[in-house]
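The next block holds one structure in the form of structure tokens; read it before the comments.
The values are calculated or read from the model by the stated rules, or taken from the named source; none is laboratory data. Note that the structure is predicted; figures quoted are calculated from it, not measured. Please note: Cβ atoms are built from the backbone with ideal geometry, for glycine as well, and neighbour counts cover all protein chains shown. When the accessible area is computed, the model is the full protein with side chains, heavy atoms only, and any ligands, DNA or RNA have been set aside. Shrake-Rupley method; radii C 1.70, N 1.55, O 1.52, S 1.80 Å.
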Amino acid sequence: MGKIKAKWLVVMSVLFGTFTVILNNSMLNPTLPTFMELFNTDAVAVSWLLTIFMVSMGMTMPLTGYLGDRFGKKRIYITGLFIFITGSLMGALSPTLGMIIVSRAVQGIAGGLMMPIAMALIFNAFPKDQRGLAVGIYGVAAMVAPALGPTVGGVVIEYFTWPFLFLFNLPFAVTGILFCLRYLKPTETKPDLKFDLPGFLMITTGVGLILYALGRGSTLELLLSPISLGCVALGVVLISIFVKYEVQQESPLLDLSMFKIPTYSASIAVTATASIGLFSGIFLLPLLIQEVYGMSEIQTGLLFLPAALISGVFMTLGGKLLDLKGPRYVVPVGLLLLGGFTLALGFNTMSTSFWTLLVLHALRSAGLGMCNMPATTAGMNTIPENQVAQGSAMNNVIRQIFSSFGIVFFSIYYEVRRAQLTSLEGQAASLQSLNEAFMIAGVFILVMIPVSFIMKSPHKSEAVN
């Protein structure tokens, strides 16, 4: 089998696992009312199906760098797939909502192991000047899966029983394991690597507390409650102590010296901002379509599907341009498209057509494709090869926190601002609130364009001082 073909089989192998994890998570979004009815419970209890996954995944990610180095990246990724299958079977066989929530925590642990390691495996298989295209194609899964998930979940819950929401994962996960066993090459292991237990406890607890507070902060009252504020404060304190502790360790859990590399730090800032852009659309556009214009869930799905496909195309194009020209020719253009067309969504009127929204969303998604994965690849191209798993883990954790923050901020802004607009009727108040939210998101993204020019081309090395 040719050398190039073997490289692309690595991408295909990790694609199966990544796509399955992301698809399963987004499949559950439209089915929450069904679970409320099935188990005779309220929205707060059912929301834990999503919150616990996010929290457990975020708490696991900081550990992946150590595990990948200690036991080998291939072994950890396949272990993550087996854990994900276990969680899926637990979910399908669960007799109570509580057990389903536990199974979702198990799935989150699997996702936390797999997502950072997947990137490291691709980086091991490709030289620096080919990683942009490879990561761009891999990143298609991250864009298409959230768009397909709600539609697939709606079909499953409509024509099958709810356990099939979990059983649906099994063929893809098993296929992923078979591909990984066959095509992933074992990576070097370090059996004597010391485990930083104090660092692990501090960072995972800190991240978990912040994600928990953001996950439950669907209203201003909940976000400002003593529990949420206390969790955020304690989480920030633990992470601050973790930073001071890690810089003094010979074998840190996460080597924070990577943040001294300007391109890597800038890439983190760009991808965190892009995540806010992504999730602002995922949250705000369904509200716009259904609450303001009175359209159906099917039309909402149709709005997202072309955008996901276009994002995938431009993610691949952006990756290719990154390999040829470097990040300065790709990422700023992506941010300009993402921010500009997000800002354009802030000028909707009651007569704005569905097709106008579809085009604007597709164009902003093209920008997302050109700035998200290319920025990630450019940043990790500048860190030492043996720290790629750690770098990917930190990137994913920070994106997870900012994604959660984006959803919380825009959901609260929408509710609070709509309540303030007492002079407007219901739909008009909703439209005004959503327009302002899109404008805020657009300006926030555009402000990041100058930062993106800090990033250097992949062939220009940056040393850690």
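From largest to smallest, what semi-axes in whole angstrom does the chain give when each is the square root of 5 times an eigenvalue of its alpha carbon gyration tensor?
Numbers: eigenvalues 210, 137, 107 Å².
Over the Cα atoms of the chain, the semi-axes work out to 32, 26, 23 Å.
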Practice prompt. Go through 394-401, 348-355 and give me the packing order, highest mean Cβ count within 10 Å leading.
Written response: 394-401, 348-355
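Rounded, prolate or oblate, given the Cα gyration tensor of region 147-304, with a/c below 1.5 counting as rounded? Walk me through the intermediate numbers first.
Values: a/c = 2.07, a/b = 1.33, b/c = 1.56.
Cα axes put region 147-304 in the oblate bin.
In percent, what relative contact order does the chain have, based on Cα pairs under 8 Å that are 6 or more apart in sequence? Spell out each step's value before the answer.
Values: 838 pairs, mean separation 104.5, N = 465.
Value for the chain: 22 percent.
Order 225-233, 171-179 from most to least packed using the mean count of other Cβ atoms within 10 Å. Could the numbers behind the result be given before it?
Values: 225-233: 14.7, 171-179: 18.1.
Put in order of decreasing packing, that is 171-179, 225-233.
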Discussion item. For a test of the definition: using alpha carbon positions, the gyration tensor, and the 1.5 limit on a/c, classify region 197-250 as rounded, prolate or oblate.
Written reply: prolate
Worksheet item: So how do ASP192, ASP69 rank on accessible area, 1.4 Å probe, biggest first, that is with the largest at the start?
Response: ASP192, ASP69
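Heavy atoms only, probe 1.4 Å: what % of the accessible area of the chain goes to carbon and sulfur, would you let me know? The partial results should precede the final answer.
Working: 13200 of 19120 Å².
Whole-percent figure for carbon plus sulfur exposure: 69.
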Item to complete: Compare GLU436, GLU415 by solvent-accessible area with a 1.4 Å probe and give them largest first, with all protein chains kept in place.
Response: GLU415, GLU436
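When a/c reaches 1.5 or more, the comparison of a/b and b/c decides; with that in mind, is region 225-341 rounded, prolate or oblate per its Cα gyration tensor?
Values: a/c = 3.29, a/b = 1.34, b/c = 2.46.
The shape class here is oblate.
Just list whichever of LYS73/LYS456; LYS5/LYS185; LYS5/LYS128 have alpha carbons separated by over 20 Å in the model shown. Don't skip to the end; give the middle numbers.
Details: LYS73/LYS456 28 Å; LYS5/LYS185 14 Å; LYS5/LYS128 17 Å.
Violating the 20 Å limit, Cα to Cα: LYS73/LYS456.
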Discussion item. Between region 238-304 and region 13-46, what is the separation of their alpha carbon centroids in Å?
Written reply: 20
Practice prompt. Could you please state, rounded to a whole Å, how far the C-alpha centre of region 72-106 is from the C-alpha centre of region 362-389?
Written response: 28
Worksheet entry | Euclidean distance between Cα centres, region 307-340 to region 154-175, Å | 33
